[in-house]
1. Go through region 362-374 residue by residue and turn each phi into a ³J(HN,Hα) via Karplus (6.51, -1.76, 1.60, θ = phi - 60°); whole Hz please, and just put x for glycine and proline.
2. Just want to confirm a number: the relative contact order over region 60-297, from Cα pairs under 8 angstrom separated by 6+ residues, in percent.
3. Evaluate the relative contact order of the chain (contact order divided by residue number), counting alpha-carbon pairs under 8 angstrom at least 6 apart; express in whole percent.
4. How large is the dipole of the chain about the Cα centre if only Lys and Arg carry +1 and Asp and Glu carry -1, each at its Cβ, rounded to the nearest 20 debye?
5. Only loop residues by DSSP count here, and only those with at most 13 other Cβ atoms within 10 Å; note down the GluC sites (Glu not before Pro) in region 100-170 that meet that.
6. Under a 1.4 angstrom probe, counting protein chains only, how are TYR10, TYR154, TYR15 ranked by accessible area, largest first?
7. Would you please classify the overall shape of the chain from the alpha carbon gyration tensor, given that a ≥ b ≥ c denote the square roots of the eigenvalues, rounded means a/c under 1.5, and beyond that prolate means a/b larger than b/c while oblate covers the rest?
8. Probe of 1.4 angstrom, ligands and nucleic acids ignored: what's the accessible area per residue over region 60-297, in square angstrom?
Amino acid sequence: MLKKRHPTKYLGEEYQRLVKENLNWELKELQTASEPVCVVEGKEVIMLCANNYLNLATHPNVVQATLEATKKYGAGAGSDRSIAGNMTVHEELDLRLARFKRAPASLTYQTGFMANEGLVPQLCGRGDLFVSDELNHGSIIDGVRLSHADRAIYKHKEAEDLARVMDEAEKHQPAYKHIWILTDGVFSMDGDLAPLSEIAKIAEEHGAGVYVDDAHGEGVLGEGGRGIVSHFNLDRKQVHVEMGTFSKAFGVIGGHITGGEDLRNFAYNKSRSWLLSGGVPPGVAAACIAAIEVLEREPEHVKNVWNNRNYFLKAMRDLGFDTGNSETPIVPVMCGESKTAKSLANFIWKKGIFSLPIVFPMVARDKARIRVQLCSKHTEEHLDKAIQAFSEGGKKLGLI
Ligand SMILES: *Cc1c(COP(=O)(O)O)cnc(C)c1O
């Protein structure tokens with residue numbers, strides 16, 4: 001007799017394995033809006049791990065725009081944008097974003113994940129090559145996996161290693177037709193920046209495309225928060241796809257790409273995630289437009305998040321914490337072992353500070369950390385309270 005197969009038993013077993021190895025996610029319930037002080041699991045805490053860098057999720061103009069567009073256009077788009085759901089407000093958002101980025105064209109997607117997963121595999125196929133930074137975001141990795149192209153990895157942020165990989169690639173027979181270099185702009189676990197000028201230079205020498213995922217750079221880097229291409233003073237001939245998201249500094253949700261008209265036309269005709277999935281609700285598109293307008297009119301939010309980041313980083317370094325290579329409002333507090341990171345996160349949680357440990361497999365086993373993310377509306381009082389908690393916990397655990 002055949003041993004009878006059980007359809008789902010392994011689901012529970014796999015979950016139990018994750019729990020046993022301390023690798024499972026414990027979801028924490030946020031019971032208020034995402035603000036500098038919120039209620040999480042019934043406890044009032046200072047929020048230090050949101051992507052809402054400019055606190056636009058609760059900006060009155062952004063909230064008002066959602067309400068008005070929802071009343072006017074309804075709760076949903078009624079269709080995929082490719083069929084019958086391409087509303088005026090979606091078109092307006094695409095145009096508004098391109099204007100903000102000072103580029104010929106943009107295209108918005110439902111999420112940043114869907115932008116990468118939809119567009120990346122269309123850029124290269126058999127006979128082509130993707131070249132990726134080793135620490136790129138999972139959505140880029142998945143996008144590459146969906147393609148039949150060859151792939152090569154270069155060492156994190158190392159332009160020299162990228163140049164080596166590109167020289168190797170030129171020896172390939174038959175010669176690669178298309179090569180794309182893919183990189184995060186800001187690396188989300190360390191808060192460090194891709195060397196985009198060097199990458200663009202190397203790409204140019206080889207006639208390769210440059211695709212930068214600026215999810216954590218937008219609203220934070222560059223003139224008025226225009227992002228990493230602006231930060232490095234590059235143009236659209238040097239960086240061919242600037243990808244981003246409305247789910248971080250813009251405080252809403254939605255992915256996007258910016259570049260030339262050809263890119264936009266190619267992208268919406270080819271990305272399966274765009275063609276075969278519903279458009280974002282009109283209230284969401286309107287909120288994104290409002291968020292862009294707030295960035296243009298109220299540059300103080302960008303200034304404030306940097307002031308807070310500089311204040312926090314200096315205090316933590318003065319205390320003796322290892323804050324890695326942070327160059328942005330993402331500040332890793334390096335702990336070494338997973339256990340230490342988890343203990344420190346628990347300790348500060350008890351003191352009313354909410355920030356999460358980032359452990360293996362998201363980072364190397366000996367590089368566990370607490371990833372702190374500052375936002376524009378933290379006050380000095382909030383930050384001092386956090387610094388005090390880190391100081392006590394760090395001493396207790398022998399980190400400082
Ligand atoms: C968050 C993130 C994404 C995904 O963006 P969503 O709009 O939230 O889906 C993609 N790339 C990077 C680097 C990110 O940090």
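The values are calculated or read from the model by the stated rules, or taken from the named source; none is laboratory data. Everything quoted here is computed from the prediction, not taken from an experiment. Positions of Cβ are generated from backbone atoms using ideal geometry, with glycine treated the same way; all protein chains shown enter the neighbour counts. Only protein heavy atoms, including side chains, enter the accessible area calculation; ligands, DNA and RNA are left aside. Shrake-Rupley method; radii C 1.70, N 1.55, O 1.52, S 1.80 Å.
1. With the stated coefficients, region 362-374 comes to 6, 9, 4, 4, 9, 10, 5, 7, 9, 9, 8, 10, 8 Hz.
2. Numbers: 492 pairs, mean separation 76.8, N = 238.
Computed over region 60-297, the figure is 32 percent.
3. Details: 808 pairs, mean separation 88.0, N = 400.
Result for the chain is 22 percent.
4. Details: 48 positive and 52 negative charges, 259 e Å.
Charge dipole of the chain: 1240 debye, to the nearest 20.
5. Numbers: sites: GLU117, GLU134, GLU158, GLU160, GLU168, GLU170; in loops: GLU134, GLU158.
Hits after loop and neighbour filter: GLU134.
6. Values: TYR10 135, TYR154 5, TYR15 115 Å².
The ranking, largest first, comes out as TYR10, TYR15, TYR154.
7. rounded
8. 42 Å²
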